[in-house]
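Colleague: Okay, handing you the structure first.
What follows is calculated from the coordinates using simple rules that are stated; it is not laboratory data. Everything quoted here is computed from the prediction, not taken from an experiment. Backbone-built Cβ (ideal geometry, glycine too); neighbour counts: all protein chains shown.
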Amino acid sequence: MSHHPDTPAARTPREVLDRYYQAMLDKSADDLADLYAEDAVHEFPFTAPGFPPRYEGREAVRAGYRAAWGASPVRVAEVRRVAVHEAAEPGVLVAEHVVVAELPSRGAAFTVPGLLVLHVHDGLLTRVRDYMDGLELTRAKP
């Protein structure tokens, strides 16, 4: 028996978003990457020092997040969902959120607002535009 009774194609864009946020909470690069199509592109239009402008392909997403999350002491405590807007184009969601993160060494929490534009086709992410306050992340480094 497979532990994933559903197939990606059966997932709605909102279910993909739910899994995306859960992967962030779990800091699981594998769970995140598995939501992407093989040739997906993940872009960071707001670049900040130390952040790449984009990842091309599922395995680049996996490697990039594995490295970033593995190196970071920051723990995501909560993803506060502000709003989800369905675009006129099928399979496109715009999701506003605030990530509440903790830096254990400082015992301090900080918030990072963000906006995701997700393109979902057959239950997989084909393109993600990830607008986050990267400067807030750099300020939070220990």
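Colleague: Roughly how far apart, in whole Å, are the Cα centres of region 61-93 and region 29-44?
Modeller: The distance from the Cα centre of region 61-93 to that of region 29-44 comes to 10 Å.
Colleague: With charges only on Cβ, +1 for K and R and -1 for D and E, what is the dipole size of the chain about its Cα centre, in debye, rounded to 20?
Modeller: 540 debye
Colleague: Could you give me the ³J(HN,Hα) list for region 49-54, computed from phi with Karplus coefficients 6.51, -1.76, 1.60 and θ = phi - 60°, whole Hz, x at Gly and Pro?
Modeller: Using θ = phi - 60°, the values come out as x, x, 10, x, x, 6 Hz.
Colleague: Hey, can you grab everything whose amide H is under 5 Å from the amide H of residue 35? Only 5+ residues off in sequence or another chain; H modelled, so Pro and N-termini drop out.
Modeller: Under 5 Å from the amide H of residue 35 lies no amide H from a residue far enough along the sequence or on another chain.
Colleague: Long-range amide H contacts for residue 46: which residues qualify at under 5 Å (H placed 1.01 Å from N, peptide plane, sequence gap of 5 or more or a different chain)?
Modeller: So residue 46 has HN proximity to 132.
Colleague: Can you give me the angle between helix 58-71 and the longest principal axis of the chain, using Cα atoms only, in degrees from 0 to 90, rounded to the nearest 10?
Modeller: 20 degrees
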